[in-house]
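Report on the structure given below.
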Amino acid sequence: MNASPPSAPHPASESVDPRDRPARLTVGVVGAGRVGPALAASLQLAGHRPVAASGVSEASRRRAAALLPDVPLVTPEEVLARAELVLLTVPDDALPALVEGLAETGAIRPGQLLVHTSGRYGTAVLDRARRAGALPLALHPAMTFTGTSVDVQRLAGCSFGVTAPAELRLAAEALVIEMGGEPEWIDEEARPLYHAALALGANHLVTLVAQAMELLRTAGVAAPDRMLGPLLGAALDNALRSGDAALTGPVARGDSGTVAAHVAELRKHAPGAVAGYLAMARTTADRALAHGLLKPELAEDLLGVLAEGDNR
């Protein structure tokens with residue numbers, strides 16, 4: 001494959017001080033899911049050279065072919081044999097066993113940069129690799145991935161949760177910047193909480209939006225996505241700007257009668273949505289009450305309605 005950098009520079013590549021840039025590296029990907037090929041393609045735009053990838057499923061092979069054309073698909077051990085920088089982009093629960101297996105086979109080489117993209121883990125999960133001489137980095141992009149070329153564009157301005165030994169901090173942050181991202185330092189012990197916060201915000205948001213669209217279709221709305229788009233966009237913007245001060249709606253106002261009507265309608269048309277509605281309503285009420293948005297005299301009736309909803 002052609003290893004020379006493209007003529008159009010990566011959006012962040014020119015912002016990196018040349019003294020802090022990692023040397024141009026050969027790059028390998030273990031786990032050609034949605035994340036790995038996109039990160040490798042972004043590193044290629046910064047001048048690094050993808051040389052190998054591993055992927056088992058047909059979808060993984062298609063993604064690798066689309067984002068990393070001419071890069072051979074080989075075994076994980078062969079990826080490590082060919083690459084100076086290896087991206088371990090497997091699911092969180094599979095990462096410890098993968099690291100252990102690579103160390104057991106002797107695939108890890110001293111001085112090799114081993115980068116995982118798990119949000120849950122810091123660099124402790126790479127301790128076995130570190131003892132084999134690897135240089136461990138945890139670089140987690142705080143973004144959802146589609147597995148297409150659009151992901152490379154979305155990396156521009158994306159925050160990365162970065163954890164690395166002190167001596168590798170500059171190299172870790174430089175790699176993130178070269179991918180177009182913004183490094184955010186996360187302490188090792190804070191990684192699980194950091195990841196929980198992202199899952200709470202992003203993953204649960206998808207569930208809430210999908211559920212809201214289903215309910216709107218049931219109510220007869222022809223284009224629920226078009227209806228929700230401006231509303232959710234404004235709500236997200238307000239929440240990011242103002243936090244709990246952006247709370248609005250019947251729960252924050254203490255409109256217990258309206259909330260009771262909601263619960264009754266959900267029980268009739270979408271009983272599977274009741275538990276989620278009650279849980280979120282209770283959390284919203286607690287936060288609104290704590291921030292002085294919900295009047296205490298109205299909160300009592302509201303919480304009574306929610307408790308009654310739980311008991312049915």
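The values are calculated or read from the model by the stated rules, or taken from the named source; none is laboratory data. All of these numbers come straight from a predicted model, not from anything done at the bench. All Cβ positions, even for glycine, are placed from backbone atoms using ideal geometry, and neighbour counts span all protein chains on display. Accessible surface areas use protein heavy atoms only, side chains included; no ligands, DNA or RNA. Shrake-Rupley method; radii C 1.70, N 1.55, O 1.52, S 1.80 Å.
I'm spelling it out carefully: the read-out is Rg and Dmax of the Cα atoms in Å, the candidates are (i) 23.4, 96; (ii) 18.2, 63; (iii) 23.6, 70, and one was derived from this structure. Which label?
(iii)
May I ask you to evaluate 6.51 cos²θ - 1.76 cosθ + 1.60, the Karplus curve with θ = phi - 60°, for each residue of the stretch 167-172 and list the ³J(HN,Hα) values in order in whole Hz, giving x for glycine and proline?
Values, residue by residue: 6, 10, 4, 5, 5, 4 Hz.
If I fit a long axis through the Cα atoms of helix 274-290 and take the longest principal axis of the Cα atoms of the chain, what angle between them do I get, 0 to 90°, rounded to 10?
Once rounded, the angle reads 80 degrees.
Using a 1.4 Å probe and counting only protein heavy atoms, arrange L293, L39 so the residue with the most accessible area comes first.
L293, L39
Whole number in Å², please: accessible area per residue of the chain, 1.4 Å probe, ligands, DNA and RNA not counted.
51 Å²
Once you put a point 7 Å from the Cα of D310 and another 7 Å from the Cα of D70, both along the Cβ direction, what distance in nm separates them?
Label-label distance for D310 and D70, simple model: 6.2 nm.
Can you give me the long-range amide H partners of G180? Hydrogens built in the peptide plane at 1.01 Å from N, cutoff under 5 Å, separation of 5 or more residues or another chain.
A12
Among 226-239, 83-96, what's the highest-first ranking by average C-beta atoms within 10 angstrom per residue?
83-96, 226-239
Which percent, to the nearest 5, of DSSP beta bridges fully inside the stretch 71-200 are antiparallel? Provide the component values of the computation, followed by the final result.
Working: 4 of 16 bridges.
So the antiparallel bridges amount to about 25 percent of the total.
With the dipole of the stretch 26-102 worked out from charges on the C-beta (+1 for Lys and Arg, -1 for Asp and Glu) around the Cα centre, which of A53, A97, T75 lies farthest toward the positive end?
Of the listed residues, the answer is A53.
Could I have the simple spin-label model distance between S57 and N238, label points 7 Å from Cα toward Cβ, reported in nm to one decimal?
Result for the modelled spin labels: 3.8 nm.
Each residue of the stretch 237-248 in order: what ³J(HN,Hα) in whole Hz does its phi give by Karplus 6.51 cos²θ - 1.76 cosθ + 1.60, θ = phi - 60°, with x for Gly and Pro?
4, 5, 5, 5, 7, 10, x, 5, 5, 7, 4, 8
What number, in percent, do you get for the relative contact order of the chain if the mean sequence gap of Cα pairs under 8 Å and at least 6 apart is divided by its residue count?
In percent, rounded to a whole number, it is 14.
Who wins for biggest fluctuation among R282, R131, R63 in a Gaussian network model of the chain, springs between alpha carbons below 10 Å?
Between R282, R131, R63, it is R282 that shows the largest mean-square fluctuation.
Might you work out the accessible area of H195 for me, using a 1.4 Å probe with all protein chains in place, and round it to the nearest 10 Å²?
Ignoring ligands and nucleic acids, H195 comes out at about 50 Å².
Place a +1 charge on the Cβ of each Lys and Arg in the chain and a -1 charge on the Cβ of each Asp and Glu, then give the dipole magnitude about the Cα centre in debye, rounded to the nearest 20.
With only Lys, Arg, Asp and Glu charged at Cβ, the dipole is about 640 debye.
Heads up, I need the accessible area for H262: 1.4 angstrom probe, whole protein in place, Å², nearest 10.
70 Å²
Given a 1.4 angstrom probe, I'd like the percentage of the accessible area of the chain that is carbon and sulfur, rounded to a whole number.
Whole-percent figure for carbon plus sulfur exposure: 56.
Quick one: how many Å² of E167 are accessible to a 1.4 Å probe, rounded to 10?
For E167, solvent-accessible area is about 150 Å².
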